[in-house]
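**Student:** Sharing a structure with you now.
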Amino acid sequence: MRSGAEARSAEGGDVRPVEEVAARSEGDAAPPLSRAVMALFAVACGLAVANVYFAQPLLDSMARDLGLRPALVGIVVTVTQVGYGLGLLLVVPLGDLVERRRLVAVQMSLSVLALVVVGLAPTGAVLLTGLAVVGLLAVVIQVLVAFAATLAAPAERGRVVGLVTSGVVIGILMARTVAGFLSDLAGWRSVYLVSAGATLLLVVALVRVLPRERVSTHLSYSALLRSVFTLFVEEPVLRARAVLALLMFASFSTLWTPMVLLLGAPPFSLSHSQVGLFGLVGVAGALGASRAGRLADRGWGNWTTSVGLVVLLVSWWPVSLAPKSLWALGVGIVALDLAIQALHVTNQSELYAVRPEARSRLVAGYMVFYSIGSGAGSITSTLVFAHAGWSGVCVQGAAIAAVALLFWGLTRFRAKEPAR
């Protein structure tokens, strides 16, 4: 890695607008990204991930409208997640092979078409096909986060990743609220049609501000995909952070998936829109964790991880009091989302410091474990709720958090902070 003086010399000391910045090798000085550009990245990520989660509070409306059998309506969520998983493996690695500006524009433009198909779907088959494509293209999130990390100066990379990634967590939490509101106002189809219009506007805005890049990876597509698995063998940081992602997002989805079953039943009997408002509570925690990236920039990534895992474990205590107090549930949600966001930002900041030329592949491998954990937590938590109620759900969530803390404790002294 070159010194900062050499990097500044290579760049000629110029500070150019974002539109003119070419992709830099690691260590090159980069002009700081403006808050407006970072906000645009965050909004794009939030909308993309919301497209994956919009269907959850709309399943009953979709089933009635399209004549789907209740036993099969759950497949609506499944096909979206399957598409997302395939996108992580097949699309995200392309960020190391082709110009990211073009990749983002193509993905989001195709997302507009897929969202329109879903919003106008005349049959269940068309709906499922459209949602699978929506999930496949939603992985533009990872391309955008890696892009932002590349544009950021090394000293502020964690901060930038934290701000952009906050859009992802907020998108997940706000998806239920927005979907419930629009569905009550104009039907479930309006959710996807409004999202299509918003995505189109974002495409125009991003094309105007994203810089062109010089691609430095010269692998074939098949070799590129194989290298994702090779990275797991070569990079211990990726292995450790991927396992943490699996466990922490399993704990995260253990809370959010069955919560509607608790709050929608007596004595609460809340509507979908009212349950969705708890997503607003979680936003406070997500925003509060945006500073985790700054700590990673200063070499405190391992410390932040340790604290985040402790907070995640402790958060399940107030969550367990939900049947008696919704205020306690709110406190638990803030603490849990604070921990998850801090951990997620730290994980990605540590990964981006390892192999600059393979950032998209590193995040693809990491996010595959994220998806596995999220899906496993959702499936098992609903089964546990059916047999053991909310207490069983809380035991599961806390147990997963404890396993994550134990795993980190076993690897803590062997893990080294990536060189910056």
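**Student:** Would you mind ranking Met259, Met108 by Cβ crowding within 10 Å, fewest neighbours first?
**Tutor:** Met259, Met108
**Student:** To the nearest 0.05, how large is the calculated FRET efficiency for Glu357 and Val314 if R₀ is 35 Å and r is the Cβ-Cβ distance?
**Tutor:** 0.35
**Student:** So if we plug the beta-carbon distance of Arg208 and Ala186 into 1/(1 + (r/R0)^6) with R0 = 41 Å, what FRET efficiency do we get, rounded to 0.05?
**Tutor:** After rounding to 0.05, the efficiency reads 0.85.
**Student:** So how much slack lies between Ser306 and Val395, counting 0.36 nm per residue of separation and subtracting their Cα-Cα distance, in nm?
**Tutor:** So the chain would gain 30.0 nm between Ser306 and Val395.
**Student:** Once you charge only the Cβ atoms, +1 for Lys and Arg and -1 for Asp and Glu, what is the size of the charge dipole of the stretch 227-420 about its Cα centre, to the nearest 20 debye?
**Tutor:** Charge dipole of the stretch 227-420: 340 debye, to the nearest 20.
**Student:** So what J values fall out for the stretch 361-371 if you push phi through Karplus, 6.51 cos²θ - 1.76 cosθ + 1.60 with θ = phi - 60°, rounded to Hz, Gly and Pro as x?
**Tutor:** Couplings: 5, 4, 6, 5, x, 4, 6, 4, 5, 4, 5 Hz.
**Student:** Give the value in nm², to one decimal: projected area of the alpha carbon convex hull of the stretch 327-420, averaged over all directions.
**Tutor:** Across all orientations, the stretch 327-420 yields a mean hull projection of 7.4 nm².
**Student:** Can you divide the C-alpha Rg of the stretch 136-286 by 2.2 N^0.38 Å and report the result to two decimal places?
**Tutor:** It is 1.31.
**Student:** Taking a cut-off of 13 Å, what percent of all Cα-Cα pairs in the stretch 289-349 are separated by more than that?
**Tutor:** 57 percent
**Student:** Arrange the following residues from fewest to most other Cβ atoms within 10 Å of their Cβ: Ser371, Ser381.
**Tutor:** Fewest to most other Cβ atoms nearby, the residues stand as Ser371, Ser381.
**Student:** Using a basic spin-label model with each label point 7 Å from the Cα along Cα→Cβ, how many nm lie between Asp65 and Thr382?
**Tutor:** 2.0 nm
**Student:** In terms of modelled amide H atoms, which long-range or inter-chain residues lie less than 5 Å from the amide H of Leu270?
**Tutor:** Gly264, Ala265
**Student:** Next question, about the same structure. For the stretch 41-50, in order, what is each residue's ³J(HN,Hα) by Karplus, 6.51 cos²θ - 1.76 cosθ + 1.60 with θ = phi - 60°, in whole Hz (x at glycine and Pro)?
**Tutor:** So the J values, rounded to whole Hz, are 4, 5, 5, 4, 5, x, 5, 4, 6, 4.
**Student:** What is the packing order of peptides 309-318, 126-135, taking the mean over residues of other C-beta atoms within 10 Å and listing the highest first?
**Tutor:** Answer by packing, highest mean first, reads 126-135, 309-318.
**Student:** Calculate the all-directions average of the projected area of the stretch 227-420's alpha-carbon convex hull, and give it in nm².
**Tutor:** Reported value for the Cα convex hull: 10.6 nm².
**Student:** Ok, one more. Counting other beta carbons within 10 Å of each Cβ, put Cys45, Cys394 in order, fewest first.
**Tutor:** Cys394, Cys45
**Student:** Further, regarding this structure: Convex hull over the Cα atoms of the stretch 36-132, averaged projected area in nm²?
**Tutor:** In nm², the orientation-averaged hull projection of the stretch 36-132 is 6.8.
Just so you know, all these numbers are worked out from the coordinates, no wet-lab data involved. Computed from a predicted structure; not experimentally measured. Ideal geometry is used to build each Cβ from the backbone, glycine not excepted, and the neighbour counts take in all protein chains shown.
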